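J.: Take a look at the following structure, please.
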Amino acid sequence: MPVALVTGASRGLGLALATGLAEAGWRLVITAKHAEPLQLAAAELSELTTVTALPGDLTRPAHRAALVRAVEPAGAAGGGGLDLLINNAGILGPSPQPALGDYPLDVLRTVYEVNVIAQLGLAQLALPALRAAEGVLVNITSDAAVEAYEGWGGYGSAKAALEQAGRVLAAEEPRVRVWSVDPGDLRTRMHQEAFPGEDISDRPLPQTVVPAFLQLLDLRPASGRYRLPELVTVGAPGITGSP
C-alpha cells in the first residue's frame, strides 16, 4: 500500500487531496496546525484507509521530524520509503494583501518561513524515504508565482521561491520526481481571505481537481510544473510539464 504525507490536510485542497488518495488505497500521514479540525478530518479519512494524524507547527523542526518518523513504520510495511509528500500547508499573509512597497518585513519573513523554509525543511528530512521509494515530492503552488499580480508580492514571491527550490531539487535528486502543482483558482478559505468581501462562489471546489491530480500520479511524468485544470484527460497537453 503506497504511503503519502499530506500537510495542511484539515480543510480545503489538502483535505480534498487526502480524501482522493484514501479512496485510491493510499495510507496517510496528515498534519495541520490546529488539532481539532485535523482530528475531524482524520475521523472522516479513517473510514477509507489507515490514517496517522499529527497536529503541529511546520515551522518547528521537532514537528517536521515527528512527521517523518510517523511515516517510517507505514513505509516499511508498504515496501519501504515514502511514496508521496504533498507540501500543501501555507499562509496567505495579511488580508487584504498590501503592496510590496508597504509590506511589513516581519510579516513577510513569516510568510517565507511558512511557505518556503518549512516546506524545504520537511522535504530535506523526507528525501531519504522518497529516494528509497523513488517517490514524488509535490509543492503546491499558484499562478501568482509566475505572474505579477498587484497585491500578491508577498505570497507570490514566496511561491516563486518554492518553485525554484523544487527545480533545483529535481536536478539534484534524479530518483525523486519533484512537481510544482498549480491547482488553479479554487473556492477555499484562503482564496476568500485574498478577496475579502467579494463573492468567490464562481470558483470550483477543491474536489474538482482531485481526478486530475490522481491522473498525474498514474502517469508519473518527469519533474516539472503542472496545472491541474489542464489535465482533464489522459495525454492532455499540460502533462508535458515545464522545466
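J.: Just grab the label-to-label distance for Ala222 and Glu23, each label 7 Å out from Cα along the Cβ direction, in nm (one decimal).
T.: A separation of 3.2 nm, rounded to one decimal place.
J.: How far, in degrees from 0 to 90, does helix 61-77 lean away from the longest principal axis of the Cα atoms of the chain, to the nearest 10?
T.: Helix 61-77 sits roughly 30 degrees off the main axis of the chain.
J.: Find out how many positive minus negative residues lie around Ile140, taking Lys and Arg as positive, Asp and Glu as negative, among other residues whose Cβ is under 14 Å from that of Ile140.
T.: Working: positive: Arg11, Lys159, Arg225, Arg227; negative: Asp143, Glu163, Asp182, Asp185.
So the environment of Ile140 carries a net charge of 0.
J.: Run lengths n ≥ 4 of DSSP H only: what is the helix-derived mean residue ellipticity at 222 nm for the chain, with -39500 (n - 2.57) per run over all residues, to the nearest 500? Can you show the working numbers first?
T.: Details: 8 runs with 100 residues, N = 243.
Computed mean residue ellipticity for the chain: -13000 deg cm²/dmol.
J.: While we're looking at this one, here's another question. What does the highest-first list of 87-96, 26-35, 12-21 look like by mean Cβ count within 10 Å? Mind dumping the intermediate values first?
T.: Values: 87-96: 19.9, 26-35: 22.2, 12-21: 24.2.
Those peptides, ordered most packed to least, come out 12-21, 26-35, 87-96.
J.: So how strong a dipole does the stretch 3-240 carry about its Cα centre when Lys and Arg Cβ are +1 and Asp and Glu Cβ are -1, to the nearest 20 debye?
T.: On the way: 18 positive and 25 negative charges, 139 e Å.
About 660 debye.
J.: Here's a follow-up. Could you tell me the relative contact order of the stretch 3-240? Use alpha-carbon pairs under 8 Å, at least six residues apart, and round to a whole percent. Numbers along the way, then the final one.
T.: Values: 435 pairs, mean separation 42.9, N = 238.
Here the relative contact order equals 18 percent.
J.: Out of Thr19, Leu217, Tyr149, whose Cα points farthest toward the positive end of the dipole of the stretch 3-240 (charges: +1 Lys, Arg; -1 Asp, Glu; placed on Cβ)?
T.: Result: Leu217, furthest along the dipole toward the positive end.
J.: Now for a separate question. Output needed: percent of Cα pairs per 10 Å distance bin for the stretch 3-240, bins running from 0 to the one holding the longest distance.
T.: Over the stretch 3-240, the share of Cα pairs per 10 Å bin runs 8, 33, 40, 17, 2, 0 percent.
None of the figures in this text is laboratory data; all of them are computed from the coordinates on show. Note that the structure is predicted; figures quoted are calculated from it, not measured. With ideal geometry, Cβ positions are generated from the backbone for all residues, glycine too; neighbour counts draw on all protein chains shown.
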